[in-house]
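Next up is a structure, given as structure tokens.
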Amino acid sequence: MAEMLRVLVGGLNGARLCFSYACDDKTFTLDTQVIAQELGDSTWLADPQVLTWLGGYVREGLEKVRNVS
């Protein structure tokens, strides 16, 4: 799923993507508008280094939601 989201974000061309994944009482949310604001420009979302980071960020977020303590 992380790879699919990474590819989708890379092709957004400035469009916004909001993705939420929930399991039990935990939720992971990815909002490209928030990331673009942190980067200062939505065009950075297509940068290979940003996409590599994004893949890891999504994987980590999903793992945290799926892991039940």
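Six or more apart or on different chains, Cβ under 8 Å: which pairs go from a residue in the stretch 1-25 that's in contact (Cβ under 8 Å) with a residue 12 or more places away in the chain to one that's of a type in the set (Asp, Glu)? Could you list them?
Short answer, once both residue conditions are applied: Arg16/Asp31; Leu17/Asp31; Cys18/Asp31; Phe19/Asp31.
Moving on. Right, Gly56: among the small types (Gly, Ala, Ser) and at pLDDT 95 or above or not? Show your work before the answer.
Working: among the small types (Gly, Ala, Ser): yes; at pLDDT 95 or above: yes.
So Gly56 passes the test.
Could you identify the single residue in Leu30, Leu8, Leu45, Leu12 that is touching a Phe, Trp or Tyr at 6+ places or on another chain (Cβ under 6 Å) and hydrophobic (A, V, I, L, M, F, W, C)? Spell out the reasoning first.
On the way: Leu8 fails: touching a Phe, Trp or Tyr at 6+ places or on another chain (Cβ under 6 Å); Leu45 fails: touching a Phe, Trp or Tyr at 6+ places or on another chain (Cβ under 6 Å); Leu12 fails: touching a Phe, Trp or Tyr at 6+ places or on another chain (Cβ under 6 Å).
Among Leu30, Leu8, Leu45, Leu12, only Leu30 is touching a Phe, Trp or Tyr at 6+ places or on another chain (Cβ under 6 Å) and hydrophobic (A, V, I, L, M, F, W, C).
Follow-up question, since we're still on this one. Only residues that are touching a Gly at 6+ places or on another chain (Cβ under 9 Å) and either of a type outside the set (S, T, N, Q) or over 18 Å from Val65 (Cα atoms) (or both): list them for the stretch 8-31, please. Please lay out each step first, then the result.
Within the stretch 8-31, the first condition is being touching a Gly at 6+ places or on another chain (Cβ under 9 Å), and the residues that meet it are 21, 28-30.
Those that are touching a Gly at 6+ places or on another chain (Cβ under 9 Å) and either of a type outside the set (S, T, N, Q) or over 18 Å from Val65 (Cα atoms) (or both): Tyr21, Phe28, Leu30.
The values are calculated or read from the model by the stated rules, or taken from the named source; none is laboratory data. All values derive from a computational prediction rather than experimental measurement. In this analysis, Cβ positions are derived from the backbone assuming ideal geometry, glycine residues included, and neighbour counts consider all displayed protein chains.
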